[in-house]
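What follows is calculated from the coordinates using simple rules that are stated; it is not laboratory data. No experiment lies behind these values; they were computed from the predicted model shown.
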Amino acid sequence: MQSTWAGITPLLAEGLPRDYRLTRAVGIFGQVMAEYMLTYMLGHEREVLSRLVSQVERRWDDRPGRTLEGRKVLIVGTGDIGQRVAEFLQAFGVVLYGVASSAREQAPFVEVAALADLPRLVSQVDYVLNLLPDTPATHDLYDAALFKRFQPTALFINAGRGAAVVDADLVEALKEGHLAGAVIDVCRQEPLPRQHPFWTAWGLLLTGHSSAPTSPAAMVRLFVENVRAYAAGQGLRGEVDFARGY
């Protein structure tokens, strides 16, 4: 079965059959996810939201803009999507770090460390981009202790899964100034309940799970490719390991 999602958590629910071959959408979301990340990274450097406030207040805002060149970017989750995001960001002269299930050499990253090294790396970078899948090992990773390790000028972007973040801890970390801001595309519960603290959290922007729309044409190409590979007895792109959860 070919899933049209990058995340396949609903298909792994307890009680559902696993006696079939499942493939997830790979090679589909890299560019649109990179565009999403760049939108908010550039907006952060150019202080777009604060300049809008200046305009509303009719205050001339002539602060010089900043550049992404030389910024340190940590991509947490260096699989299919994370790799493509890194390749797009490389053109902007950023220094790329990664976190994966295990340490490895992987271009264009200067370092890809294991998940246990996440606290060390978040303290060194300007951007933390979470793209981790939803597995038991990735739940509640971003908690109060980790947010305290962030640089106070850092931007956190979560386009992976909402379960990776302890929501109340993020709200408090923003309030206390442990990081400069957060862009949240994915939440534990969607749509987000009206009473959820994210709605009014200082420095937090919600983007409503809009980061990576599916291209129907690209999805059809992947499906046809996998059907042909299956018929030929070949390996399938994006085949899911049920034991790992991705």
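Volume per residue of the convex hull around the Cα atoms, evaluated for the chain, comes out as 147 Å³. Computed extension gain for Ala13 through Gln189, at 0.36 nm per residue and net of the alpha carbon distance, reaches 61.7 nm.
The helix-only estimate of mean residue ellipticity at 222 nm for the chain, built from DSSP H runs of length n ≥ 4 each weighted as -39500 (n - 2.57), is -8500 deg cm²/dmol after division by the residue total. Cα gyration tensor of region 34-95, axes a ≥ b ≥ c as square roots of the eigenvalues: rounded (a/c below 1.5), prolate (a/b > b/c) or oblate? Prolate.
Once you sort the root eigenvalues of the Cα gyration tensor of region 201-246 as a ≥ b ≥ c, which label holds: rounded (a/c under 1.5), prolate (a/b larger than b/c) or oblate (the other case)?
Since a/c reaches 1.5 but b/c is at least a/b, the shape of region 201-246 is classed as oblate.
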